[in-house]
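Here the structure comes first, spelled out in structure tokens, and everything after it is commentary.
The values are calculated or read from the model by the stated rules, or taken from the named source; none is laboratory data. Since we're looking at a predicted model, the values are computed, not measured. Counting neighbours? That spans all protein chains shown, and the Cβs are built from the backbone with ideal geometry, glycine included. Side chains are part of the model used for accessible areas, which takes the heavy atoms of the whole protein and leaves out ligands, DNA and RNA. Shrake-Rupley method; radii C 1.70, N 1.55, O 1.52, S 1.80 Å.
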Amino acid sequence: MSGSDERPSGGEDGSSGEEPGRHGLQELIAERRAKAQRLRSADPDAFPYTFAGAEPIAAVLDAYEHLDTGEETEDSHRVAGRIAARRGAGKAAFMDLVDRTGKIQLHARLDVLGKEAFEQLTTLDLGDLIGLDGAVLRSRHGELTLRVERFEVLAKALRPPPDKHHGLTDVETRYRRRELDLIANEESRRVFLQRARVISAVRGYLDGEGFVEVETPILQPLYGGALARPFTTHHNALDRDLYLRIATELYLKRLIVGGLERVYELGKDFRNEGVSHKHNPEFTMVEWYEAYADYEAEALRLEQIVAAAAAAAGYEGEIDFAAPWQRIGFVEAIEQATGIDVTAHGDADSLRGAIAERGLEMATAGLSWPQLADDLLSKFVEPGLARPTFVLDYPVALSPLARDHRSKPGLVERWEAFAGGMEIANAFSELIDPDVQRERFAAQHRLGAAGDEESHPYDETFVQALEQGMPPTGGVGLGIDRLVMVLTGRDSIREVVLFPAMREPGA
RNA sequence: GCCCCGUUAGCUCAUCUGGUAGAGCGCCGGACUUUUAAUCCGGUGGGGCGGGUUCGAGUCCCGCACGGGGCACCA
């Protein structure tokens, strides 16, 4: 990786004309660069390549929690991090040092360090990175502190950090320059640590249940597994268009046909659609498939996996994830929320009439019966589903990859899981009959020919795989970003994606 | 794509009806050997971009860019 000692890294701050020695920011940078040069002049070995043996600050804090106010030790500990604050000067100063685990106070004393080192340490800028050895004490004001015995400047911050007290609140800057957000806002650091723990917990659960983690193509000749518009790209040597996957479903099912029996893939999917507080064009999904299981078995798995993720994230919010979650039928959920029994209005015109009759705020023009029913669910049911809920048994027209319901004609064995007013997962008893699958694809193909850009393309390779014989299978797709949103209490996906998609910066 | 709101110093925020744009932090200089949003004195630095109205625009008008919220779209 790049050394952090030398140049400003050009960066993407929008400004191209960096006139040296001008005003404001440029002046600050020039001052800091001059300081870096002074450090280099004073010490040819300044800015070393390594700083070995540093302990996490949190470990030092924990180990000396018992120390009494005013008590001093001769125990030397080595830490490294970024200077976040400085108080006092004269012949002694205090500084705050931050690493990824926490913050510790440093005490710099002229009589300990000597004139040259003391001046060097106390004239460093906020944002500079240092490593040091220091003796542990608890100050008269009760704060655990390291009395600096020796230190090395590891890197110079040429640009000033955000406000030490108010942090960085401008959301645009927080998203575009996430490194500044992470430097300034501990809360933001915490969210991404929680995200990492959620992902570990999901993998841990599936690994523990005997699932095999696999990697299937991101560049796909034909996209499938969801109803969405893809990103298209082109491979030069093969001279063919390829699509970034919108889902992993079809490849994973081929692995079930291949006999792997329990597989999962956790990774990015890409959908070329609008961005919103719950949609980023690339997002993280885990899909798992399990032979000899149906959608009810997978509902139990989701309850367990989310419980594991919530525990790993240290979830302390108001949602109770304890099993069993609420379960309600698709038809019943709509009827409860709107008073409309969609099965009693079996065609689009009739359903449209019922919607108009109740004065529901919803666009209905040109929509088919299943589209109307789905819109009723997403507009009037989903926002109210704060507690974890399975909505079961969807119309077949919305679900070309799900198996017909064993007892409810016209419906398929499918559930969607909701929490915090948001869909987080989707599952089927998978359709395994190649002839039915072929018909479903043909129906989708007709929709596509009629102009529906999100219809499912016909995938003959997939159907032929089914013709080899696929066991009864349950499959689930769980949206990691949305799960993290729920577990961290964030209301925007941009708060849980490190570098969310944005427009080009303005002038 | 549509509607509403926002954009002032490196960061966080002020700025009555149009009349020379202020503060804190940071940074620079000075004082201070237990401070913690350290304190005290002095200094530094600014109206997103492009037009218009006006004697005069951060402020009023138009356009553009980016962001936020909502709608549309979207699992």
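Here A:LYS103 fits the description: surrounded by fewer than 19 Cβ atoms within 10 Å (Cβ to Cβ) and modelled with pLDDT of 95 or more. Take the stretch A:104-152 and flag every residue that is outside any helix (DSSP H, G or I), under 21 Å from A:THR50 (Cα atoms) and over 39 Å from the mean Cα position of the chain (by Cα). Selection gives A:GLU149, A:ARG150. Of the residues that sit in the stretch A:187-223 and are more than 21 Å from A:LEU302 (Cα to Cα) and of a type in the set (D, E, K, R), which one is modelled with the highest pLDDT? Only one residue fits best here, namely A:GLU215. Here the helices (runs of 4 or more DSSP H) wholly within the stretch A:226-341 that include at least 1 residues being open to solvent by 20 Å² or more (accessible area, probe 1.4 Å), among the aliphatic types (A, V, I, L, M) and outside the structural domain of A:VAL396 (by TED's automatic domain parsing) are A:330-338. Check the stretch A:370-387 and report whether any residue there is open to solvent by 20 Å² or more (accessible area, probe 1.4 Å), farther than 30 Å from A:ALA322 by Cα and within 9 Å of RNA strand B (Cβ to nearest atom). The answer is yes, given that some residue of the stretch A:370-387 is open to solvent by 20 Å² or more (accessible area, probe 1.4 Å), farther than 30 Å from A:ALA322 by Cα and within 9 Å of RNA strand B (Cβ to nearest atom). What are the pairs, 6+ residues apart or on separate chains, where a residue within the stretch A:46-63 that is assigned by TED's automatic domain parsing to the domain that holds A:GLU143 has its Cβ under 8 Å from a residue that is of a type in the set (S, T, N, Q) and open to solvent by 50 Å² or more (accessible area, probe 1.4 Å)? What qualifies is A:PRO56/A:THR101; A:ILE57/A:THR101; A:ALA58/A:THR101; A:ALA59/A:THR101.
Listed conditions (1) within 9 Å of RNA strand B (Cβ to nearest atom); (2) exposed (fewer than 15 other Cβ atoms within 10 Å of the Cβ); (3) over 30 Å from A:GLN26 (Cβ atoms) are all met by A:ALA89, apart from (3). Considering only residues in the stretch A:153-174 that are open to solvent by 20 Å² or more (accessible area, probe 1.4 Å) and either touching a His at 6+ places or on another chain (Cβ under 8 Å) or assigned to a strand (DSSP E or B) (or both), the one that is nearest to RNA strand B (Cβ to nearest atom) turns out to be A:ASP163. When restricted to residues that are within 11 Å of RNA strand B (Cβ to nearest atom) and in contact (Cβ under 8 Å) with a residue 60 or more places away in the chain, the stretch A:133-152 contains 9. Answer with yes or no whether A:GLY81 is open to solvent by less than 60 Å² (accessible area, probe 1.4 Å) and part of a loop (DSSP other than H, G, I, E, B). Here the answer is no, as A:GLY81 does not meet what is asked.
Would you confirm whether or not the stretch A:177-187 contains a residue that is more than 6 Å from RNA strand B (Cβ to nearest atom), of a type in the set (A, V, I, L, M, F, W, C) and not in a helix (DSSP H, G or I)?
There is no residue in the stretch A:177-187 that is more than 6 Å from RNA strand B (Cβ to nearest atom), of a type in the set (A, V, I, L, M, F, W, C) and not in a helix (DSSP H, G or I).
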